4 protein chains.
Amino acid sequence: MSTSTGTAAAAPPRRAARPRADALRNRERLVTAAREMFVESGPQVPLDEIARRAGVGNATLYRNFPERADLVHEVVLSLMARVAERAREAAEQESDAFAAVRRFAHAAADERVGALCPMLDGDFDKEHPELRAERERLEEAVHGLVVRAQEAGRMRADVSVVDLMVALFQLTRPLPGTACSHMDRFVHRHLRLFLDGLEAPARSALPGAPATLEDLRREACGA
Amino acid sequence: MSTSTGTAAAAPPRRAARPRADALRNRERLVTAAREMFVESGPQVPLDEIARRAGVGNATLYRNFPERADLVHEVVLSLMARVAERAREAAEQESDAFAAVRRFAHAAADERVGALCPMLDGDFDKEHPELRAERERLEEAVHGLVVRAQEAGRMRADVSVVDLMVALFQLTRPLPGTACSHMDRFVHRHLRLFLDGLEAPARSALPGAPATLEDLRREACGA
Amino acid sequence: MSTSTGTAAAAPPRRAARPRADALRNRERLVTAAREMFVESGPQVPLDEIARRAGVGNATLYRNFPERADLVHEVVLSLMARVAERAREAAEQESDAFAAVRRFAHAAADERVGALCPMLDGDFDKEHPELRAERERLEEAVHGLVVRAQEAGRMRADVSVVDLMVALFQLTRPLPGTACSHMDRFVHRHLRLFLDGLEAPARSALPGAPATLEDLRREACGA
Amino acid sequence: MSTSTGTAAAAPPRRAARPRADALRNRERLVTAAREMFVESGPQVPLDEIARRAGVGNATLYRNFPERADLVHEVVLSLMARVAERAREAAEQESDAFAAVRRFAHAAADERVGALCPMLDGDFDKEHPELRAERERLEEAVHGLVVRAQEAGRMRADVSVVDLMVALFQLTRPLPGTACSHMDRFVHRHLRLFLDGLEAPARSALPGAPATLEDLRREACGA
DNA sequence: CATGAATGAGGGTTCATTCAT
DNA sequence: CATGAATGAACCCTCATTCAT
C-alpha cells in the first residue's frame, strides 16, 4: 500500500511527534519483511531472519515490536486492511453484484489472505481493540458485497459472510513447500469452483451459520 | 494397517526377526500418538512429547524413526491409508454416484485429512516409493468416485480428481487455536457448499488441470 | 562433605529408583561448581560457565535445574547444611561456651557463609519447605550455642541469634574482586573484634531484636 | 562538589568552556540518579534506566561518561566525599573521642556507605589519581577519629583505621531484597555491637593490620 | 532392545555502546 | 550538544539427536 491513509491515523500534519525520519522507514521495512516471510514460511520464522531481510539489526526489530506477537499483530492488521481495500474496490468497479464477489475473492487470494490462518495462533491477542476494529471494517466491506449479491438474487441466500470468509481463508492458505507461483493456478481454480457453488441455486440444505466473525468467536469460546 | 499381523504374537515364521511381541506394539503406539498430536498441533510438536504420549522413552522413538521425517512419513502413510479406505467404503455403500463423492469428502474431513498439508513441509521425502504407492492407491480410489459421478452426469466434467483432493485438503485444514469440535460444523458447511458447486452445471469455464497428483508434483517441480 | 548423610535422605538401599549411576555424579558436580562460582562471582554468573566448570553440557544443567532459582535453591541448602554442621561440631568440641561461639563463627567464615547474602535475591522462593526446614535446622544449632554462652554468663544477654547470624553473614560477605585468600585475614580479624564485643559486658543499650530468622522475615514483609 | 561553581551560570571566566548552563546540571542529575540506583539495586543496573531516572537521553549519559566504569568512578567519588564530610562533622561536634567514632559510623551507614562494596568490582580503575586522592582524604578524616579515640584510651589500640572502615562497609552493605527501612534497624544494631567491641578492652590478641587502605590494596595485589 | 540422561546448535531477548538527526 | 534509534555480542533456554546403562 502506498496510499497514505492505508491503515489508520495518518501522520499528524505539523509537529507533535517530530523526529521520525528513518525510524519510520525501518518500521515499515520490518512489517513488509515480516509479511512476506510469514506468507512464505508461516509466522514462526526466526525473527533474526526477518530483521536480516529487512536489512536492520535484530534489536531494532525488538525496539519496534517487543514481543513476536506485536509483529504478528501488525502484519495481521496490514493484511486485513489490504484485503478490505480490495473488497471496497470490487464493490465500486463491478456493476454485477456476484461479479463483485468473484473479483473480491480472487483479489484477496492475490493478497495471500490465507496466510492469516496460521497467524491467529498462539499468544496473539485476538481481542485487541485495533484488531477488532480492523476485523469489523473488513467484515463490513465483505458483508456489503454478499448482501448486495443475495438481494439481487445472484447468490445463495443461506450463505453468510462468515462462510465466505472462512472458506476463502482456507482455500487460499499457503501450501508449505510449494512454489507460490504454481499454487496460484490451483487456488484460483478452487475459488472458481467454490464461487460457482455459491452462485448456483442451493442443492443441499445448510443449517444456520454465525452472522459475523464476532459471533463465530463467541460461539467458539462459549463452546 | 493391512498386513497380516492380526493374530498378534503369532509364531515367528522362520528366524529372521524374533522379538515382535511388544516392539511392534510400541511402534504402533508411536504412530498413533504422532498422528493425534500432528493433527492437534501440527507436525512440529516436540518429539519427546510424542514419546511421552505413547508411553515410551524417547530413544525408543528414535530407534523406530531415526529422523523426524521418518515419523512424518509413517503418519502420512497411515492417514492416507485411512482416507483411501473411506473412499472405498463410500463407493461400496452409496448407490448414487455423487452421493458417494459427498460421503467420501465428509468422511475424509472426519479423518482430519487436512492435517496432511502441514506435514508435507520440510525435509520430508515426497518421492519415497512407499509414499508414492500410497498416494497412487488413494488417488485411484478417489478417481473411481469422480469418474463414476462424472459419467453419470452427476458432476461437473471439468473437475479433476486433483481439484477435489487439494480443495478437500485445504478446506479441512485445522485452524490453529480453534476447538476441533467447533470447527467441524464449519468444515462440513464448506464442504457442502463446495460440493454443491461440483454437482451443479458449470457456471464458469475452467482451464485444464493436472490429471493426477503426480502431474501436479511434476509441474510444481518443473516450474 | 564426603559423609553420605550430609543433606537429607540417603540413597534407598535396594531398588525403588534404580538407574542413577552417573546422573547423580553430574548433579553433584553441578552443585559444587555452582557453589564455587556463586561464592567467587555471585549468583548471576552465566549458567553456561557453571556447566563448563562442571564439565557437562549446558542442557544437562537445565535438566537438573530447570530454572536458575532451582540451582540457587540447591546451593543455599547445601551451604546452610554445611554451616549447621559446623555449629554442631563447635558445640561438641569446645567445652567453653563462648569458645564454641567463636569456633563456629570462624568455621562458618571458612565455608564462605557470607556468599549466601546475594543469593537471597530475585525470584528465589524463600518459603519453600525444604529451605524453611534447613533454615530452622541451622538456626536451632546456632541458637543452642548462643543460649549456652549466655546462660554461662559468657556472652551479652541482649544479643539474639539473629544478630549473630546476620552480622556474621555480612562480615564474611565476599568482597568482589578481592582475592579470597587475602580477604580471609581481614574477615577473621573482624569476626574477632565483633565477637570480643559480644563477650564483653554491654557498653550500650540495645533495643529488642527478632528472636528467630522467621520473625525477621515476617517483620520485613509486614513492614 | 567543591569547585567554585556555586553561583551557577556565572560568566565564563575566559573562553575555554562556554556552555555550562544545563550541561552541568545534566551531569549532576546523572550522578545523583546513578548513586540512588546503585545503592538500591547495585552497580549493574541498566544504564538506560539511569538516564531515564535522570530525565535525559541515554546518549547524554555516554557523552559525560563514555564507559560505565566512568560513571561508577564518579559515584564512588561522590559517596566517599559525603562520608568524609560526615567524619569531619563527627570530629567537630562530639567532644568525647569515642562518641565521635560512633557518630561517624552511624552517619556513614545512613549514607549507605556499604553500597561502595559492590561498586569496586569489574573494570573499575582503582588506581585513578582522583580516586586515590579521595580515598586518602576519607582515610585521613577517619584516621583522625581513630587516633584521637585511641590516644584518649577510649578505643582498643590494636584496631587500625582499615579495620574500622572495612568492617563498616561490610556491616552496612545492602541486603538484596530487603526493604531498606527495615534493614536500618539491624544495621545500627550491629554497628553498636561492633563498636562496643572496639570500646571495650581487648579480649583477644589481634595480629597486625595494614595501616592504610593503600597498604591493604598493595598487599592484596602483591598476594 | 528400552531407557533416561547428555549434548550442542540455534532461536529469543537484553543491554552496553555507537550512529544519525 | 542532546536525542532517539541502531547495533551486535552474550545470555538464557529448548529440542532434535546421540550415548551409556
Residues being more than 7 Å from chain C (Cβ to nearest Cβ) and at pLDDT 75 or above: count how many of those fall in the stretch D:176-201. 6
May I ask you to list pairs of residues, at least six apart or on different chains, whose Cβ atoms are under 9 Å apart, with the first in the stretch C:50-64 being within 12 Å of C:T32 (Cβ to Cβ) and the second being aromatic (F, W, Y) and more than 7 Å from DNA strand E (Cβ to nearest atom)? C:I50/C:F38
Neighbours by Cβ (under 7 Å, 6+ apart or cross-chain): first from the stretch D:131-146, at negative phi; second open to solvent by 90 Å² or more (accessible area, probe 1.4 Å) and part of a helix (DSSP H, G or I): D:A141/D:R88
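The rows are residues; the columns are (1) within 26 Å of D:G153 (Cβ to Cβ); (2) at pLDDT 95 or above; (3) not assigned by TED's automatic domain parsing to the domain that holds D:E151.
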position: D:V31; (1), (2), (3): no, no, yes
position: D:R35; (1), (2), (3): no, no, yes
position: D:P43; (1), (2), (3): no, no, yes
position: D:P46; (1), (2), (3): no, no, yes
position: D:V101; (1), (2), (3): yes, yes, no
position: D:D110; (1), (2), (3): no, no, no
position: D:G114; (1), (2), (3): no, no, no
Specify the residue that is most open to solvent (accessible area, probe 1.4 Å); the eligible residues are those in the stretch D:112-142 that are within 12 Å of chain C (Cβ to nearest Cβ) and of a type in the set (A, V, I, L, M). D:L120
Would you be able to say whether some residue in the stretch B:91-105 is within 14 Å of another protein chain (Cβ to nearest Cβ) and under 27 Å from A:P118 (Cβ atoms)? yes
Exactly one of B:A109, B:A81 is in a helix (DSSP H, G or I) and open to solvent by less than 20 Å² (accessible area, probe 1.4 Å), and that one is B:A109
I'm checking my understanding of the structure. Among residues of the stretch B:119-178 that are among the hydrophobic types (A, V, I, L, M, F, W, C) and within 17 Å of A:G114 (Cβ to Cβ), which one is farthest from the chain's Cα centre (by Cα)? B:L175
Given (1) under 25 Å from B:F169 (Cα atoms); (2) within 10 Å of DNA strand F (Cβ to nearest atom); (3) crowded, with 16+ Cβ neighbours inside 10 Å, number of the condition B:L61 does not satisfy: (1)
Working carefully through the options C:R173, C:R148, C:R154, find the one that is within 15 Å of D:V187 (Cβ to Cβ), at pLDDT 90 or above and open to solvent by 10 Å² or more (accessible area, probe 1.4 Å). C:R173
Suppose we keep only residues that are within 12 Å of DNA strand E (Cβ to nearest atom) and over 18 Å from C:G42 (Cβ atoms) within the stretch D:38-55. Which one would you say is farthest from the other protein chains (Cβ to nearest Cβ)? D:I50
Do we have any residue at all in the stretch B:32-53 that's in a loop (DSSP other than H, G, I, E, B), more than 8 Å from DNA strand F (Cβ to nearest atom) and either surrounded by fewer than 16 Cβ atoms within 10 Å (Cβ to Cβ) or of a type in the set (V, I, T) (or both)? no
Only one of (1) within 13 Å of DNA strand F (Cβ to nearest atom); (2) open to solvent by 20 Å² or more (accessible area, probe 1.4 Å); (3) out of contact with any Leu (no Cβ under 9 Å at 6 or more places or on another chain) is not met by C:D96, so which one is it? (1)
Of (1) assigned by TED's automatic domain parsing to the domain that holds B:M119; (2) away from DNA strand E (no atom under 16 Å from the Cβ); (3) open to solvent by 20 Å² or more (accessible area, probe 1.4 Å), B:E74 satisfies every one except (2)
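The values are calculated or read from the model by the stated rules, or taken from the named source; none is laboratory data. Small disclaimer: the values here were computed from a predicted structure and weren't measured. Backbone-built Cβ (ideal geometry, glycine too); neighbour counts: all protein chains shown. Side chains included, ligands, DNA and RNA excluded: accessible areas come from the protein's heavy atoms. Shrake-Rupley method; radii C 1.70, N 1.55, O 1.52, S 1.80 Å.
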